[in-house]
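The values are calculated or read from the model by the stated rules, or taken from the named source; none is laboratory data. Quick caveat: nothing in here was measured; it's all calculated off a predicted structure. Here the Cβ positions follow ideal geometry from the backbone for every residue, glycine too, while neighbour counts run over all protein chains shown. Just so you know, the surface numbers come from the protein's heavy atoms only, side chains and all, with ligands and any DNA or RNA stripped out. Shrake-Rupley method; radii C 1.70, N 1.55, O 1.52, S 1.80 Å.
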Amino acid sequence: MKIYDGVIDWGIKRARDSKMIGLGFHSVIDGLVKIDPKKIGNLDLAIPQKFSDLPDSIKFIDDFWKGLIFSFSNGSALQLMIDSKEVYEWIMKTFGTGTLRLGGTSANMAKGLIPFPFEKILVYVYPLKKEIANLFSNSKNLFVVGNNGLDHPINAYDGEGIDAIHWIFEFSQGQSITVKGQTYACPRSNRFIASWNPANSKLEVRDPFRSYVIDHAKDISHFLVSGFHIMQEVYPDGETVEDRIDELLKFIQTVKDKNSEIRFHLEFASIRRDRVRRAVEEKLFSMFDSLGLNEVELSWVARDMGYDEKDILNLDVERISQIISEIMRGDLSRVHFHTLGFYLLALKGDYDLESQKKALAFASLAAAQRAMDGEINLERFKYVLDIPEKYDYKEWERDGIHFILFPTKVVPSPKITVGLGDTISSLAFVLG
Ligand code: ADP
């Protein structure tokens, strides 16, 4: 079966036929810092041996170092939220902002969608300051809601400053750090992300975005929600994550009441905090049409359900589909699992299977081309078509759910990998 045949033209046409696509609620500035181990000196702390030894957020400077060294010595990516203003100020003083780049799940999705002829991509950016507004590319189909309605971020920002930053500390294979006099080498180039975002951590849907979306719900076809990984369990004012998620649900319900045709997608992302993750699983899974996640994220969901997370991390397709079937007991009718080498799509009910498959193929080409070149360029999609797939295409039914195992294109030495998951999930969802 030629699963990639004709998908480029199909995807472009499909994008052209689209209506407005909403993206909320997490756009932020990334600060890229290349770690120079010589400047770090000799650290005096115990290296966390496994994931469970790590703090679930950064409250003290030591927590920061623990996260960084864990990530460095294991060569594995890690993201932790910073919960202390003092630590935020200390990092800023010690490392500066680094190189600024647009980040956050919603802005990443916007970046991945605007190169295609979608009519309107509407992204939520809060706080919308000059610095972040300047990082959005100058696309005609990109909008935020400003005081005068739809506008490009650069015409709609309110004030200046960097109120929120996600530091990405990058290190390279072969670098070494000394801890308690002993030297640790970095086995694989990777990154440690430390995020400071108290301004948006409640995922509050503020005006004028809120009223615009409610008033123009009829113009919207798809809405992708993400950002739960920046939420706190209990906020300094006593509000809880459950309170905040209930508020968000009220907004979604109001929009649905205005237009029941809108499809809602939830992008899971790396939710490290147990109570936040459980609140998302329990309160949101059944309220969305579609869910997107990778193998690490699904392994956490499996663990929360009492299963062994290792089966998922080992990519046991039987166990992955079993967990997905359980998640889909509620109203959730589409789950898009992505990992290196294949996607597993699960569909329940009234879906056009051909469109869904073509959308997966298009997303796979886009991700591979973006990995190869660093940014999306439609003209260069054809160069990834020749990359052979390593898995076999498969389709089957289980518990009334249709599963598609879709082999993807994997670029051998990618220029970037950050944000690829967001590109994959958003493209496959809006085109499907
Ligand atoms: P992020 O949070 O950075 O988006 P994810 O783990 O969610 O990371 O997504 C990464 C996805 O990108 C993988 O699941 C895989 O499908 C895709 N990907 C990673 N590396 C490559 C590559 N070299 N070529 C093509 N696709 C890749």
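Looking only at residues in the stretch 270-298 that are farther than 22 Å from L347 by Cβ and open to solvent by less than 10 Å² (accessible area, probe 1.4 Å), which one is farthest from the ligand (Cβ to nearest atom)? Within the stretch 270-298, the match that is farthest from the ligand (Cβ to nearest atom) is A279.
Applying a threshold of 6 Å to beta carbon distances and a minimum spacing of six or more residues, or different chains, the list of pairs starting in the stretch 75-104 at a residue that is closer than 16 Å to R191 by Cα and ending at one that is assigned to a helix (DSSP H, G or I) and open to solvent by less than 30 Å² (accessible area, probe 1.4 Å) reads L78/G67; L78/S71; L80/G67. Taken together, the residues in the stretch 162-182 that are modelled with pLDDT of 90 or more and either loosely packed, with under 12 Cβ neighbours inside 10 Å or in a loop (DSSP other than H, G, I, E, B) (or both) amount to 3.
Checked against (1) crowded, with 18+ Cβ neighbours inside 10 Å; (2) in contact (Cβ under 8 Å) with a residue 60 or more places away in the chain, F143 meets all criteria but (2). Residues that are part of a helix (DSSP H, G or I) and surrounded by 14 or more Cβ atoms within 10 Å (Cβ to Cβ): does the stretch 331-353 have at least one? The answer is no, given that none of the residues of the stretch 331-353 is part of a helix (DSSP H, G or I) and surrounded by 14 or more Cβ atoms within 10 Å (Cβ to Cβ). All of (1) touching a residue at least 24 places away in the same chain (Cβ under 8 Å); (2) of a type outside the set (D, E); (3) open to solvent by 50 Å² or more (accessible area, probe 1.4 Å) hold for R303 with one exception: (1).
Given the criterion not aromatic (F, W, Y) and not in a loop (DSSP other than H, G, I, E, B), identify the matching residue among S299, S260, S270.
On the way: S260 fails: not in a loop (DSSP other than H, G, I, E, B); S270 fails: not in a loop (DSSP other than H, G, I, E, B).
Selected residue: S299, the only one of S299, S260, S270 that is not aromatic (F, W, Y) and not in a loop (DSSP other than H, G, I, E, B).
In the stretch 1-107, which strands (runs of 3 or more DSSP E) lie fully inside it and hold 2 or more residues that are at pLDDT below 95 and under 30 Å from L249 (Cα atoms)?
Working: elements: 20-24, 28-34, 78-81, 99-103.
It comes to 78-81.
Of the residues making up the stretch 307-327, one or more are under 30 Å from W10 (Cβ atoms), in contact (Cβ under 8 Å) with a residue 60 or more places away in the chain and in contact with a Gly (Cβ under 9 Å, 6 or more places away or on another chain). Test G374 against the stated conditions and say whether it is surrounded by fewer than 20 Cβ atoms within 10 Å (Cβ to Cβ), within 13 Å of the ligand (Cβ to nearest atom) and in contact (Cβ under 8 Å) with a residue 60 or more places away in the chain. Criteria not met by G374.
Report whether or not S321 is among the small types (G, A, S) and within 15 Å of the ligand (Cβ to nearest atom). It is false that S321 is among the small types (G, A, S) and within 15 Å of the ligand (Cβ to nearest atom).
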